[in-house]
1. Give the Rg (one decimal place) followed by the Dmax (whole number) of region 130-238, computed from C-alpha coordinates and expressed in Å.
2. Any chance you could check the Cα centroid distance between region 397-430 and region 168-215 for me, in angstrom?
3. Please state, rounded to one decimal and in Å, the Kirkwood hydrodynamic radius that region 258-369 gives when every pair of distinct Cα atoms enters the mean of 1/r.
4. Counting only protein heavy atoms, what percent of the accessible surface of region 300-391 is carbon or sulfur at a 1.4 Å probe?
5. Could you tell me the accessible area of residue 281 in Å² (1.4 Å probe, neighbours in place), rounded to the nearest ten?
6. I'd like the Kirkwood hydrodynamic radius of region 318-395, using the inverse of the mean 1/r over distinct C-alpha pairs, in Å.
7. What aspartates and glutamates could a cross-link reach from residue 391, if we take a straight Cα to Cα line under 17 Å and drop same-chain neighbours fewer than 8 places away?
8. Relative to the first principal axis of the alpha-carbon coordinates of the chain, what is the inclination of helix 157-170, with its axis defined by its Cα atoms, in degrees from 0 to 90 and to the nearest 10?
Amino acid sequence: MQMNPVDPHLFVIFGATGDLTKRKLIPSIFRVLTEDGALAAHNLLGVSRTDLSDQEFRDLTNAALHDAGHDGALVEEWCKDRVFYEPTPKSSTDFADLKARIEKIEADLGLPGNRVFYLALPPGAFPSVIEQLGDAGLAEGPGWTRLVVEKPFGHDLGTAHELNQHVHDHFDEHQVYRIDHYLGKETVQNLLAFRFANLLFESAWNRDRVEAIEITVAESLGTEGRAGYYDRSGVLRDMVQNHITQLLSLVAMEAPNEFEADAIRSEKVDVLKAISPIAASDVVYGQYEAGVVGDHAVPGYRDDPEVAADSKTPTYMAMRLEIANWRWEGVPVFVRTGKRLPHKTTQIAVTFRRPPVCIFHGVKDDCATHQNVVIITLQPNEGFELRFDVKAPGSPLQLVSQGLHFDYAEAFQSLPDAYQTLILDVMEGDQTLFVRSDEVETSWALYTPLLEADIEVLPYAAGTWGPDGVAEKLGLPGDWVMRPV
Ligand code: BG6
C-alpha cells in the first residue's frame, strides 16, 4: 500500500480488552506501522475497565499480533516501548487521571499531542465516554484530535440524532469518524473508480439503459455467539441501515465534483434523500429455522439460548425501493440480505434493458435475447462480470449469453483488510470513507418507519435463499441475478 508518512500520535482505544480490539484494531494498527516504517509515530494506549498493568496489556497485544500472524523483533520492540494501558476507574466519571496519563506518555516519548480516541465499546457507553472526554478537555489537544465511533450509530432516527447532538456538543464534525467497515473494503471503494473513471459504464448508468439493480449480501453464518445483541437489533439495523445503504448510495450517487471527502459524502446524502418512502408491503422479513448449510446441520435462530422462544427478530430482509430522481426514476432496486443463507457472498447486479427492437425473428426461441448485466462481486472472489449475447457457431442462428471477467485476485494478489484501510485514513485525517452526521440520519430516516411497522416475519430453513416467493412478492422481473460463487 502506498502511503504518506503518518504524524506521530497516541492511539487511544476504549474497549481495549474487547474482541474487536484483539481481532481487528491491534493487527491493523501494527500493519499500518509496518507499512509506514516509523515505529516512533505509532503509540497505543489501551483503556478499559479491566484492571491490567502496562505489562499485562503488552502481553495481550503481543498475543493478538501473534494470532494475526505477526511475530518478530518489530512486534517485541513496539510492544515494549510504545504500548501502554490505563484502567478507567469503575465508579468515577472523571477522566482527569486518563488525561494526566496521556500527557505523561506524550511528554516521555516527545509526542506532539496528536490523539485518536477510538470507541470500541457497546453503544450504550458512547455518550458517557464522549462527555467525559469533552469535560476533561480532551476533545482538543496540543495537536489534532480525532474521535472514531464504531457502529451501531443510534438505534433509530431519534437516537442517532441525539447521539449526533451529543457528539457535536464536544467535537467538531471534522474530528469525527463514524465507522462502517464496508467502506474500507477495496472492492466497495472501487465502485467509485468503476463508475467515475470509466465513461463506458457511466454513460449507460441511468433509467434509459438500466432495467433494475439488485444488491445481495448473503451470509452463511448465524449469529455466532452474538445472539443477545442481534436479537435487539435484527437484520435491518445490523446490515441494511449501514452496510447495504452504503453500497446503494455508491452505486446510485451522482458524480462528485472532485475526489474529496465532503464532495463524495454530499452526493451520497443526496441520493439517499431521493429514495421514496419504502412501503411495508415492499419488504419481506424472514427468520431462519434449523437446516443444513454446506454439509452441516445447524440449529434455528430461536434455538439459541440467548434468543426468546417467541422472538420475532428478522434475520433476513428483502425489499424493493425506488429512487425518485432524474437518473433513476422508475428503476426498481431490489435488496436482500440474511444470515444462514447457502453461502457468503456480496454482489451487485445491474441489469440493462433489452434492445428496443428485436431483429432476430426466426432464431431459435424467437427473439430471446438475453439482457446485458454487470455483476460486481464484492466478496468473496472479488471481481466483475459483464454478460452479453453472442452468436453460437453454426445455424440456425442462436444467441447465447457469455461473460467477460475481471478477478481481483488474478490482477492484484491480496487485498488489505478493511480495518487497516480505515485506521490509516483516521491517522491521515481522511474522512472520505466515514459516515457523516447527516448521512447517518438520512439513512435512519428512511428505515425508522419500517422499524415501527408491523411486518410479518416468515420462516425459512437455514441453507436456503430465504422465505418462499420473495421474488414474486417484490415484483422481481425474473429470478435474482447471481454470479456463481
Ligand atoms: C457486521 C454485522 O457489521 O457485519 C454482522 O454486525 C455481519 O452481523 C458482518 O456478520 C458482515 O461483515 P462482512 O465483512 O463479513 O461481510
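1. Taking only Cα atoms of region 130-238, I get Rg and Dmax of 19.4, 56 Å.
2. Their Cα centres are 14 Å away from one another.
3. On the way: mean 1/r = 0.0538 Å⁻¹.
After inverting the pairwise mean of 1/r, the radius is 18.6 Å.
4. Taking all protein chains in place, region 300-391 shows 56 percent carbon and sulfur surface.
5. 80 Å²
6. Mean inverse Cα-Cα distance, inverted, gives 15.7 Å.
7. List returned: 365, 366.
8. For helix 157-170, the angle is close to 30 degrees.
The values are calculated or read from the model by the stated rules, or taken from the named source; none is laboratory data. Quantities reported herein were computed from a predicted structural model and do not represent experimental measurements. Ligands, DNA and RNA are stripped out before the accessible areas are found, and what is left, the full protein with its side chains, is counted by its heavy atoms. Shrake-Rupley method; radii C 1.70, N 1.55, O 1.52, S 1.80 Å.
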